[in-house]
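Step one of this worksheet: look at the structure below.
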Amino acid sequence: MSILIAVVSLLGTIAIFYTCKVFYQKFKKEWLTPMLITPLVIIFVLLLTGTSYDSYNAGANILTNLLGPATIAFAVPIYKNFSLLKQHAFEIFLSIAIGSAVAIISSFFIALVVGLNDKLVHSLVPRSVTTPIAMDISNMIGGSPTLTAVFVMTTGILGSLLAPIIIRISHFRSPSAKGLMLGMGAHGTGTSKAFEFGELEGTFASLAMVVAALISIVLSTMFFPIFEQFVMNILLP
């Protein structure tokens with residue numbers, strides 16, 4: 001019975017995602033994005049059928065394990081446009097480094113203001129990194145990888161929903177500006193959204209996501225503990 005539930009969970013998740021994708025492509029409404037609707041439909045089905053998360057995840061976990069290879073696959077468009085990326089290497093690295101630092105620091109202060117405990121604080125800090133790497137960072141700094149995955153998904157969905165609005169308001173025209181913002185601010189989900197704008201936007205987003213992950217590993221594991229201790233010594237002398 002458990003094997004049947006696992007198989008149904010896996011196939012059902014794929015079916016729900018592609019159904020949502022069809023509706024999204026047909027109506028082109030931001031709130032119909034599969035990354036938002038798919039989890040809501042799955043939660044509704046699990047509650048309706050009384051299926052536990054562990055039973056569901058026994059099959060759907062295969063999709064989670066594919067996040068790593070999927071992230072690596074973003075190297076293909078980066079390779080195809082490598083010469084263009086080299087021309088803007090300094091600007092790209094500087095903007096992503098600043099973005100990664102701001103993401104970590106803002107997450108930390110948001111957590112303090114809300115009054116989260118240490119485990120939740122450390123789970124929130126890597127929220128602006130692609131899921132598999134964010135979960136590893138969370139584990140290294142004392143957070144909960146499962147909670148981090150939720151924070152990452154929430155950040156990605158909100159980022160991909162708000163990004164088109166920000167792009168319109170700010171009158172962004174260059175593919176690099178659109179792509180770097182989406183890749184840095186909304187990681188994998190944002191990169192998927194960037195490819196809807198065009199291949200160059202998707203390429204810059206892919207690079208931003210990968211570089212942000214590497215920079216965030218260094219910032220979160222080496223510099224964040226020092227920064228956290230410094231801030232806490234000021235607030236709680």
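The values are calculated or read from the model by the stated rules, or taken from the named source; none is laboratory data. Fair warning: this is a prediction, and the values are worked out from it, not measured in the lab. Positions of Cβ are backbone-derived with ideal geometry, glycine not excepted, and every protein chain shown enters the neighbour counts. For the accessible areas, the whole protein counts, side chains as well, though only heavy atoms, and no ligand, DNA or RNA atoms are used. Shrake-Rupley method; radii C 1.70, N 1.55, O 1.52, S 1.80 Å.
Report yes if some residue within region 53-71 is open to solvent by less than 50 Å² (accessible area, probe 1.4 Å), under 23 Å from the mean Cα position of the chain (by Cα), modelled with pLDDT under 85 and more than 25 Å from I133 (Cβ to Cβ); otherwise report no. No, because not a single residue in region 53-71 is open to solvent by less than 50 Å² (accessible area, probe 1.4 Å), under 23 Å from the mean Cα position of the chain (by Cα), modelled with pLDDT under 85 and more than 25 Å from I133 (Cβ to Cβ). Pairs meeting the criteria (first residue in region 131-153 and on the phi > 0 side of the Ramachandran plot, second residue open to solvent by 50 Å² or more (accessible area, probe 1.4 Å) and at pLDDT below 90, beta carbons under 8 Å, at least 6 apart or on different chains) are G142/D118; G142/K119. Of all residues in region 19-55, those that are at positive phi and hydroxyl-bearing (S, T, Y) total 0. Annotation note: Cβ proximity below 6 Å between a residue of region 85-105 that is more than 14 Å from F204 (Cβ to Cβ) and a residue that is assigned to a helix (DSSP H, G or I) and among the hydroxyl-bearing types (S, T, Y) (sequence gap 6+ or interchain) occurs for S100/S216. May I ask you to list pairs of residues, at least six apart or on different chains, whose Cβ atoms are under 7 Å apart, with the first in region 47-68 being assigned by TED's automatic domain parsing to the domain that holds A6 and the second being surrounded by fewer than 13 Cβ atoms within 10 Å (Cβ to Cβ)? Note: pairs meeting the criteria are S55/S2; A58/S2; G59/V7.
Counting the residues of region 27-50 that are farther than 16 Å from I14 by Cβ and polar (S, T, N, Q) gives 2.
Does T221 satisfy being on the phi < 0 side of the Ramachandran plot, open to solvent by less than 40 Å² (accessible area, probe 1.4 Å) and out of contact with any Ser or Thr (no Cβ under 6 Å at 6 or more places or on another chain)? So T221 does not fit the description; no. For S160, are the conditions met, namely being buried (at least 18 other Cβ atoms within 10 Å of the Cβ), touching a Lys or Arg at 6+ places or on another chain (Cβ under 7 Å) and modelled with pLDDT under 90? So S160 passes the test.
Looking across region 11-31, just one residue is loosely packed, with under 11 Cβ neighbours inside 10 Å and in contact (Cβ under 8 Å) with a residue 40 or more places away in the chain, and that is W31.
Each residue in region 136-179 was checked for being aliphatic (A, V, I, L, M) and in contact with a Leu (Cβ under 8 Å, 6 or more places away or on another chain), and 4 pass. The requirement of being under 18 Å from I105 (Cβ atoms) and either in the same structural domain as L124 (by TED's automatic domain parsing) or polar (S, T, N, Q) (or both) is fulfilled somewhere in region 153-166, by at least one residue.
With the structure loaded, tell me whether F172 is farther than 15 Å from I215 by Cα, free of Cβ contacts under 8 Å to residues at least 12 places away in the same chain and either open to solvent by 80 Å² or more (accessible area, probe 1.4 Å) or not in a helix (DSSP H, G or I) (or both) or whether it fails that test. Yes, satisfied.
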